[in-house]
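The values are calculated or read from the model by the stated rules, or taken from the named source; none is laboratory data. In this text, all values refer to a predicted model and were calculated from it rather than measured experimentally. Cβ atoms come from the backbone with ideal geometry, glycine included; neighbour counts cover every protein chain shown. Keep in mind that these areas ignore ligands, DNA and RNA; they rest on the heavy atoms of the full protein, side chains included. Shrake-Rupley method; radii C 1.70, N 1.55, O 1.52, S 1.80 Å.
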Amino acid sequence: MTIASGPTPGLGKIVPKGRQPDAIYFPPDRDMVALGTAGTGKTTMAVLRARFLADSDCSNHGPVLLVTYNNALVRYLRHLVPGANTNIRVETYGKFARGYLNSIGKMPPWNGILQTDQLRRKVASAVSKVRTTYKPSPFFDLDTRFFVDELAWIANMGIADLQQYLDIERIGRKRGLNEARRKAVWKVRTEYLRARETEGIPYDWNDIATGVLNGLKSDTRPRKYRHVIIDEGQDLSPEAIRSLKAAVQPGGTVSFFGDYHQQIYGQGLSFRSCGLEITAVAPFQDNYRNTAQIARVAIAMSDMLHLGTDPEDLVEPKEPSAGGTMPALVKCKDYTAEVAEIQRIAIDQGDASVVGILTRTWPDAHAAVRGMKKVRKLRDDGNSTWDPTPGIYYGTYHSAKGLEFDVVLMPFCTVVDMPNKEVVDAYGKDDASTRDGKLLYVAVTRAKAELTVTYSGTITPLLPMDDGLWQHEEL
């Protein structure tokens, strides 16, 4: 199968660049991990590997599942994968998990998965009940988000009992927990699960992966997929990846594409704890998306202390050779002027370019485009198609994960907004800075040609201010 020999639906005529063929045509009977910085073409490589493994000319060909975390990226992947190829299925992990559990009769027809707002209320209730069994302690005054996140981490790691929780190193968790506090967290978890069981709700979006894994362990039916390819793999939990590995036919493979600089769902979770049979990790450093000027900002961000990620899984980015305009850092006199400037640039560029207006939160995203016409929202149900024609998209940093835009506009990058106050309250300033720093890194690296960051007041300390990185403007 020669990808470059003719037109490729969605991607046009593709000629893999540099070392990309090493990942695309990696032996089809071996698991593979490809770690690369933003702009190295991981999504392109994932799509082309899917086509390679699904093609009848491949010695180990078969049905392929191409899976990722969020719906917006699924839309984009479906745009890149030929719709006529019935051997490749593209979906989120959540949809895969829900579908599998339904196929074995383990998914109720309704109310089977606890939704986020309900989960927070139940965890808050569990904390309130557990605290009555202790002497007064400020530990139980921590923001509910901390307990929600800790229970999610426990589920994502596949921790099954208290002793395992007491013994495990809490990788990436910056708020330390001694043995007594871990025992208190476990009691909160026990109370939360008891309350959920009482209402007949078997899963939440974190422990659903364990449900899938447990189901597969006793499922004697032939496996549906010969190969699983994971794009943006750093955002899937180890338990989710273990379940995907278990979903592969005997002799099949898992291919993992990721970038730990961009790990924005969960903290400190590595493919190394997922049970993949890896003999080599292929690092990719060459940036084919961003201009040199935009890449310099991203490289400076990756060197900032708050981005702190396990260096074992980090790939040092290289500056691309393609030149362009210097990113603009625009200080506006107030909020109204900032919105007006963002909308002016978007309208000016939207006729000829794909523009992304990206913010930290959805309220900010809606505020940035209020009154504008014909704007495209990034978050949806995952069933609509990606529109690659010029126009204006808007959404959060989360929703832009894995995507790219000719022009990226990032309003409201102030010290008040980032690190986000609610995140600081929940996890502490250090952890919040790491989380929001990675989000900013994701947003910056979505820009192919032009990047504009605006603020009113004081700029966030999570962006680098080194000389020569920005063209400074003031309105």
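Going by what's in this entry, would L80 be described as out of contact with any Ser or Thr (no Cβ under 8 Å at 6 or more places or on another chain), open to solvent by less than 60 Å² (accessible area, probe 1.4 Å) and touching a residue at least 12 places away in the same chain (Cβ under 8 Å)? Step through it out loud before you land on a result.
Values: out of contact with any Ser or Thr (no Cβ under 8 Å at 6 or more places or on another chain): no; open to solvent by less than 60 Å² (accessible area, probe 1.4 Å): yes; touching a residue at least 12 places away in the same chain (Cβ under 8 Å): yes.
Judged against the criteria, L80 is not a match.
Inspect all residues belonging to the stretch 190-201 and state whether any of them is touching a helix residue (DSSP H, G or I) at 6+ places or on another chain (Cβ under 9 Å), without any contact (Cβ under 8 Å) to a residue 60 or more places away in the chain and within 24 Å of E422 (Cβ to Cβ).
no
Among the residues of the stretch 156-206, count how many are open to solvent by less than 40 Å² (accessible area, probe 1.4 Å), outside any loop (DSSP other than H, G, I, E, B) and under 22 Å from W110 (Cβ atoms).
The total comes to 5.
On the basis of being open to solvent by 30 Å² or more (accessible area, probe 1.4 Å) and assigned to a loop (DSSP other than H, G, I, E, B), does D22 make the cut? Lay out the reasoning, then the answer.
Values: open to solvent by 30 Å² or more (accessible area, probe 1.4 Å): yes; assigned to a loop (DSSP other than H, G, I, E, B): no.
So D22 fails the test.
Would you say A97 is touching an Asp or Glu at 6+ places or on another chain (Cβ under 6 Å) and open to solvent by less than 20 Å² (accessible area, probe 1.4 Å)? Walk me through how you get there before you give the answer.
On the way: touching an Asp or Glu at 6+ places or on another chain (Cβ under 6 Å): no; open to solvent by less than 20 Å² (accessible area, probe 1.4 Å): yes.
For A97, the condition - touching an Asp or Glu at 6+ places or on another chain (Cβ under 6 Å) and open to solvent by less than 20 Å² (accessible area, probe 1.4 Å) - is not met.
On the basis of being under 21 Å from the mean Cα position of the chain (by Cα) and either more than 24 Å from E199 (Cα to Cα) or open to solvent by 20 Å² or more (accessible area, probe 1.4 Å) (or both), does R121 make the cut? Reasoning before the result, please.
On the way: under 21 Å from the mean Cα position of the chain (by Cα): no; either more than 24 Å from E199 (Cα to Cα) or open to solvent by 20 Å² or more (accessible area, probe 1.4 Å) (or both): yes.
The answer is no for R121.
Please enumerate the residues belonging to the stretch 124-141 that are under 13 Å from A184 (Cα atoms), open to solvent by 40 Å² or more (accessible area, probe 1.4 Å) and touching a residue at least 24 places away in the same chain (Cβ under 8 Å).
K129, T133, Y134
Looking at the stretch 393-400, is at least one residue touching a residue at least 40 places away in the same chain (Cβ under 8 Å) and under 18 Å from T291 (Cα atoms)? First the steps, then the outcome.
First pass over the stretch 393-400, keeping only residues touching a residue at least 40 places away in the same chain (Cβ under 8 Å): 395, 397-400.
Pick out the ones that are also under 18 Å from T291 (Cα atoms) and you get none.
Looking for residues that are touching a residue at least 40 places away in the same chain (Cβ under 8 Å) and under 18 Å from T291 (Cα atoms), one finds none in the stretch 393-400, hence no.
Any idea which of (1) farther than 15 Å from A300 by Cβ; (2) outside any loop (DSSP other than H, G, I, E, B); (3) touching a residue at least 40 places away in the same chain (Cβ under 8 Å); (4) open to solvent by less than 30 Å² (accessible area, probe 1.4 Å) is the one K438 doesn't satisfy?
(1)
Can you pull out every residue in the stretch 36-53 that is of a type outside the set (S, T, Y) and open to solvent by less than 10 Å² (accessible area, probe 1.4 Å)?
First, the residues of the stretch 36-53 that are of a type outside the set (S, T, Y): 36, 38-39, 41-42, 45-53.
G36, A38, G39, M45, A46, V47, L48, R49, A50, L53 - these are the residues of the stretch 36-53 that are of a type outside the set (S, T, Y) and open to solvent by less than 10 Å² (accessible area, probe 1.4 Å).
Which count do you get for residues in the stretch 208-223 that are open to solvent by less than 30 Å² (accessible area, probe 1.4 Å) and either closer than 18 Å to A124 by Cα or among the small types (G, A, S) (or both)? Show your work before the answer.
Filtering the stretch 208-223 for residues open to solvent by less than 30 Å² (accessible area, probe 1.4 Å) gives 208-209, 211-213, 215-216, 219.
Within this subset, residues satisfying the condition of being either closer than 18 Å to A124 by Cα or among the small types (G, A, S) (or both) are 209, 211, 215.
So the answer is 3.
If you check A426, A432, which single one turns out to be surrounded by 20 or more Cβ atoms within 10 Å (Cβ to Cβ), farther than 19 Å from A368 by Cβ and either free of Cβ contacts under 8 Å to residues at least 40 places away in the same chain or of a type in the set (D, E) (or both)?
Details: A426 fails: either free of Cβ contacts under 8 Å to residues at least 40 places away in the same chain or of a type in the set (D, E) (or both).
Selected residue: A432, the only one of A426, A432 that is surrounded by 20 or more Cβ atoms within 10 Å (Cβ to Cβ), farther than 19 Å from A368 by Cβ and either free of Cβ contacts under 8 Å to residues at least 40 places away in the same chain or of a type in the set (D, E) (or both).
So the check is Cβ under 7 Å with 6+ separation or different chains; which pairs have a first residue in the stretch 344-360 that's at pLDDT 95 or above and aromatic (F, W, Y) and a second one that's surrounded by fewer than 22 Cβ atoms within 10 Å (Cβ to Cβ) and assigned to a strand (DSSP E or B)?
none
In the set D348, D364, which member is among the charged types (D, E, K, R), in a helix (DSSP H, G or I) and open to solvent by 40 Å² or more (accessible area, probe 1.4 Å)?
Details: D364 fails: open to solvent by 40 Å² or more (accessible area, probe 1.4 Å).
Only one candidate passes the filter, namely D348.
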